Structures are given as structure tokens and as C-alpha cells.
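Right, one structure below, let's go through it.
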Amino acid sequence: MNLQTLSNLPRKTWLIVIGSATLVLSGVFLYLLSGALFRLGADPAVPAFLRRAGDSNSLYAQIEAKNKAIAEQNAIAAKLPDRVILLASMKADIDAARKRLPTEAQKAEVRQLIEDLARQVGSSAGALQVKSVSIREAAAAGGRSATGDYKSVEYQTSVSADLDGIIQFINLIERNERFMTVEGIQLTSGGVVANKETLKPEAKPHTAQLRIVTYMDTSGTAAGARGVK
Amino acid sequence: MILINLLPPELRRSRSSGINPVMLAAAAGVIIVIALAGTWAWVQFSRLKVAEDLLAVRKVELTEATAKADKVKAIDKQITDFEKLHKTITGLITRKVFWARTLDDFANLLAQHGDNRWTREGYEVRCTGLTIAPATGAGGVARGAKAAESVTFSFRATFKLVGERRDQSGDYVQSFFQTVELSRFWRENGFTGRAEDPYKGDVLKYNTEISKVVTDLPLEWKRTKLLAQAQGVKR
């Protein structure tokens with residue numbers, strides 16, 4: 001088939017060929033355009049009659065989602081100055097609160113504190129003597145002995161002194177900055193003996209078994225952060 | 001006027017405008033295709049590129065905004081942790097029962113110091129043993145739907161009442177309970193019920209060496225502290 005043959009084709013045939021070609025090419029480009037518009041999404045620069053909403057993966061849907069997320073994050077970030085001021089105002093309270101409850105690394109420190117307080121007791125019948133301290137730890141959670149991230153540690157302390165000395169010691173324990181509570185007391189009377197030289201009756205020191213309870217921070221992060229201080 | 005043309009169709013002169021309809025159709029087709037191809041090219045190579053660039057910018061902005069928001073979240077966590085710590089400490093302090101003053105009042109009662117005076121003369125009281133412990137049952141902490149939460153301790157003491165007259169040992173016991181209830185030790189330290197509630201009788205012995213009657217009196221009193229609602233930290 002040469003050009004002469006083509007030029008001799010009837011007009012009707014030509015029109016059919018041209019129409020078909022236009023239809024096919026238009027279909028191809030419409031298909032491509034539709035796909036591109038779908039991927040683009042609701043672009044405001046595209047005329048409204050062409051614009052397609054697209055799905056959540058379309059570019060403008062993603063942009064819209066990012067805009068929303070940015071607005072949310074900015075709303076949170078806008079609170080930064082207030083939060084910094086609030087945290088600064090709470091710092092003294094936080095430090096004071098943290099001093100009240102020891103960490104697990106400070107068990108021996110509390111034991112030493114008990115002895116320090118015993119040394120502070122002044123008594124007419126002689127100083128208060130700490131005979132023994134045994135430490136008993138409660139389970140990390142559950143029951144009265146534990147509170148959230150805090151577990152109770154019990155210092156079973158045996159002391160010997162007159163009644164005034166024991167009361168002074170308990171008072172020092174209870175009023176100490178470090179949170180300690182006396183959960184149990186077993187007081188045994190020391191009795192009275194006669195002085196061999198003067199033959200006068202003398203009171204022997206009482207023995208008291210005290211259950212001194214404090215609470216320790218068992219949350220790993222806080223313990224680590226506080227351990228540095 | 002009637003126009004009669006007897007020439008065959010191929011030799012007849014055209015009465016149209018002179019534009020070949022095939023060319024017209026071809027031109028229209030080309031315009032349509034070019035328009036569609038141009039629109040596609042504009043979207044594909046311009047708008048998509050702009051959108052991709054914009055999305056990339058938004059991703060960077062989101063990363064920056066998230067980093068700033070994370071700082072606030074970190075501070076919020078510190079504040080929350082502190083509130084938790086504060087709540088814990090407040091709860092512990094609320095439950096704390098102080099014993100030093102109670103024991104001091106108890107010692108003053110027995111030693112008859114201050115305003116403490118036995119309501120009857122002629123006897124003395126010794127405490128030979130004292131055990132204080134959380135009351136049994138619910139670990140010393142009582143809760144109820146209507147009743148407030150409370151902490152209860154058992155105050156178990158063994159007394160020796162040393163009197164001068166054997167025939168008045170009952171009077172000594174009654175005087176002892178009366179005096180205890182009138183004392184600051186009983187009134188101001190949260191003891192519940194009456195002092196003689198746990199009284200289940202006594203054993204008395206006459207000690208001939210000192211010529212005195214000795215009455216053993218084991219008692220267990222309850223001390224209860226009602227817990228107030230813990231307060232949170234105000235932001």
C-alpha cells in the first residue's frame with residue numbers, strides 16, 4: 001500500500017481512521033491523566049473540574065495529614081515556655097521530695113542514719129545503744145508494704161536505753177527529713193537490780209525492738225537519675 | 001430556479017467552503033490529543049513534582065516540630081513523675097502514725113507526772129511489757145464503702161498494779177481504768193472504745209516480802225487514725 005492508495009481511500013474511511021486514532025490516543029492520555037490526578041490528590045492549583053480527591057496515599061492527602069500532625073506538634077511545643085517555668089518552680093519541691101525517699105542504692109545510708117540518730121540521743125541513764133539492725137525488704141508491688149514504684153524496706157532495730165532515751169530515739173526517727181515510720185515496737189522492761197556498793201535499787205536499761213519502715217524507689221530510671229546526685 | 005447538473009459526481013464543482021472535512025477532522029483530533037497530552041504532562045511533570053517537594057518540606061517541618069514537642073513531653077513526664085512521687089509521699093505521711101508523743105504521754109501517766117493523778121490513792125502501776133503492732137486483719141488498714149479509710153494499731157501492754165490493801169484490788173483496777181480514760185494519753189492519741197473494754201479479769205497475788213497485793217493486768221487497746229484524702233499537686 002503506497003501513498004497513492006491511501007490518498008485514493010474514500011473520505012468516509014479517512015474520517016473513520018482519524019476518529020478512531022483520536023479516540024485511542026485520547027483514551028490513552030485520559031487514562032494517564034486520571035492516574036496522575038489520582039496520585040496528586042486535591043491539589044488546589046488544578047482546576048476544580050479536573051481535581052480528584054484521591055485516597056489516603058495521594059500526595060495532597062499525605063501533605064494534609066502532615067499539616068495536621070505539624071499543627072498538633074506545634075500546639076504541644078507552644079507549651080514549652082510554660083512547662084519550663086512550671087518545672088523550674090517545682091524543682092525545689094522535687095528535690096525535697098526525692099530526699100525523703102531513698103533509692104535502692106541508699107539502703108546502707110539509711111542504716112547509718114539510724115545509728116547517727118541513736119548517737120544524738122542524750123540520756124541521763126546512759127546513751128542509747130543500737131544492738132542490731134536487720135533489713136527486710138518487701139515485694140516490689142502489691143499489698144500495704146508497697147506503693148506503686150516504691151517498696152517498703154524494714155529496718156528491724158534492737159536498741160537498749162531507758163524509756164526517755166527510747167522515746168527520744170523514736171521521735172528523731174519520726175521527725176527526720178527522710179521518711180521513716182515506726183510500724184512496731186516491742187518494749188521489754190529492763191527490771192531493777194540492787195547496786196552492790198550502795199545497795200540502792202537501780203533500773204536496768206529497757207530493750208526495744210523497733211520496726212522502722214521506709215520506702216524505696218524501685219523505678220529503674222528514677223533510681224539511675226537520682227543515683228548520680 | 002432549478003439547478004440541473006448532469007456531470008458525474010467526480011466532475012461536479014464543490015459548493016462547500018473549500019475546507020477538506022478530512023483535514024478538519026484530523027486537525028480537531030490533533031488538537032484534542034495535544035490538549036489531553038499537555039494536561040497530562042502538566043500534571044505529571046509539574047504538579048506532581050511540586051506536590052512531592054511540598055511533602056518533603058512538610059516531613060522536615062514535622063520532624064522539627066516533633067523534636068520540640070518531645071521536649072515538652074519530656075518535661076511533662078518529669079512533672080508527672082513528681083506528682084506521682086508527691087502523691088506517694090502524701091499518702092505515706094497521711095498513713096503515718098507517730099508514737100513518740102504517745103509513748104511520752106503513756107510514760108507520764110504511769111509515772112504520775114503533770115496532771116496525771118490516780119483517782120484513788122494507795123497503789124502504783126508498772127508496765128512490764130509493751131508491744132505495738134499494726135492491728136491484725138487487712139494489715140492494719142481498714143476500708144469501707146462509706147467509712148473513711150483508717151489505720152489501726154494494737155497497743156498491747158502488761159501492767160502490774162501494786163496496792164497496799166488486798167481487799168481493795170478491785171478498786172485499784174477500776175481507778176486505773178478511770179485514770180487512763182481521763183489522761184491525755186487516752187484522749188489525744190486516737191484510742192478507740194473504753195480503756196476497760198479488753199479487760200477480761202485479773203490475777204492477784206499477795207507478796208508477803210513487800211506486804212503488797214500485786215494484780216497482773218494484760219490489756220490490748222486499739223489506736224485508730226482516720227486518713228484524710230490525699231491532695232495532688234496544683235498546676
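So in region A:11-25, with the set limited to residues that are loosely packed, with under 13 Cβ neighbours inside 10 Å and more than 22 Å from B:A37 (Cα to Cα), which one is nearest to the other protein chains (Cβ to nearest Cβ)? Applying the filter and picking the extreme gives A:R11.
Among the criteria (1) farther than 18 Å from A:Q209 by Cα; (2) in a loop (DSSP other than H, G, I, E, B), the one A:Q106 does not fulfil is (2). Output yes when any residue across region B:104-111 is free of Cβ contacts under 8 Å to residues at least 60 places away in the same chain, among the acidic types (D, E), surrounded by fewer than 18 Cβ atoms within 10 Å (Cβ to Cβ) and more than 30 Å from A:R11 (Cβ to Cβ), and no when none is. No, every residue in region B:104-111 fails to be free of Cβ contacts under 8 Å to residues at least 60 places away in the same chain, among the acidic types (D, E), surrounded by fewer than 18 Cβ atoms within 10 Å (Cβ to Cβ) and more than 30 Å from A:R11 (Cβ to Cβ).
Of all the criteria given as (1) crowded, with 19+ Cβ neighbours inside 10 Å; (2) within 9 Å of chain B (Cβ to nearest Cβ), the one not satisfied by A:T103 is (2).
When B:V43, B:V50 are screened for being closer than 15 Å to A:L37 by Cβ, β-branched (V, I, T) and facing chain A (nearest Cβ under 7 Å), only B:V43 passes.
For region B:80-95, taking the residues that are surrounded by fewer than 17 Cβ atoms within 10 Å (Cβ to Cβ) and over 12 Å from the mean Cα position of the chain (by Cα), the one that is nearest to the other protein chains (Cβ to nearest Cβ) is identified as B:I93. Using beta carbons and a limit of 6 Å, which pairs, at least six apart or on different chains, have the first residue in region A:161-181 and on the phi > 0 side of the Ramachandran plot and the second one surrounded by fewer than 23 Cβ atoms within 10 Å (Cβ to Cβ) and modelled with pLDDT of 90 or more? Within 6 Å, no pair qualifies.
For region B:160-205, residues that are outside any helix (DSSP H, G or I), farther than 16 Å from B:E220 by Cα and of a type in the set (D, E, K, R) total 4. Would you mind finding the one in A:A45, A:A53 that is surrounded by fewer than 16 Cβ atoms within 10 Å (Cβ to Cβ), at pLDDT below 90 and not β-branched (V, I, T)? Exactly one residue qualifies, and that residue is A:A53.
The values are calculated or read from the model by the stated rules, or taken from the named source; none is laboratory data. In this text the structure is predicted, and so the values were computed from the model without any measurement. Cβ sites come from the backbone with ideal geometry, for glycine too, and all protein chains shown count toward neighbours.
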